[in-house]
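Notes to accompany the following structure.
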Amino acid sequence: MKMIIAILRDLDADAVTLALTAGSFRVTRIASTGGLLRRGVVTLLVGVDEAQVEPAIQVMKNTCAPAAAGEKRATVFVVPVERFEQV
């Protein structure tokens, strides 16, 4: 199991969240603030099996709007999950 932590621009958040859920990925969305100018960003948490990591990241890449020169569209971390439970 892996946890994808994706930090996206606020303007991409709705489209990416909808695309991920349409692809049967479960997404938790957290509003956050970051960057030099304190622009709005959203952090998405996506728990997936290891085989789903690349398809989920590809959905994000395909859905984020093009960025201006020198800007990044998203920052994505993939971390191992040692234990997972739903209660």
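Some notes on this structure:
- Condition broken by A13, with the remaining ones in (1) touching a strand residue (DSSP E or B) at 6+ places or on another chain (Cβ under 6 Å); (2) modelled with pLDDT of 95 or more satisfied: (2)
- Matching strands (runs of 3 or more DSSP E) fully within the stretch 22-87 where at least 1 residues are free of Cβ contacts under 8 Å to residues at least 12 places away in the same chain: 27-34
- Within the stretch 31-49, the set of residues being surrounded by 11 or more Cβ atoms within 10 Å (Cβ to Cβ) and modelled with pLDDT of 90 or more comprises V42, T43, L44, L45, V46, G47, V48.
- Scanning the stretch 1-21 for residues that are assigned to a strand (DSSP E or B) and aliphatic (A, V, I, L, M) yields M3, I4, I5, A6, I7, L8.
The values are calculated or read from the model by the stated rules, or taken from the named source; none is laboratory data. As the structure is a prediction and not an experimental result, all values here were calculated from the model. Cβ: placed from backbone, ideal geometry, glycine included. Neighbour counts: every protein chain shown.
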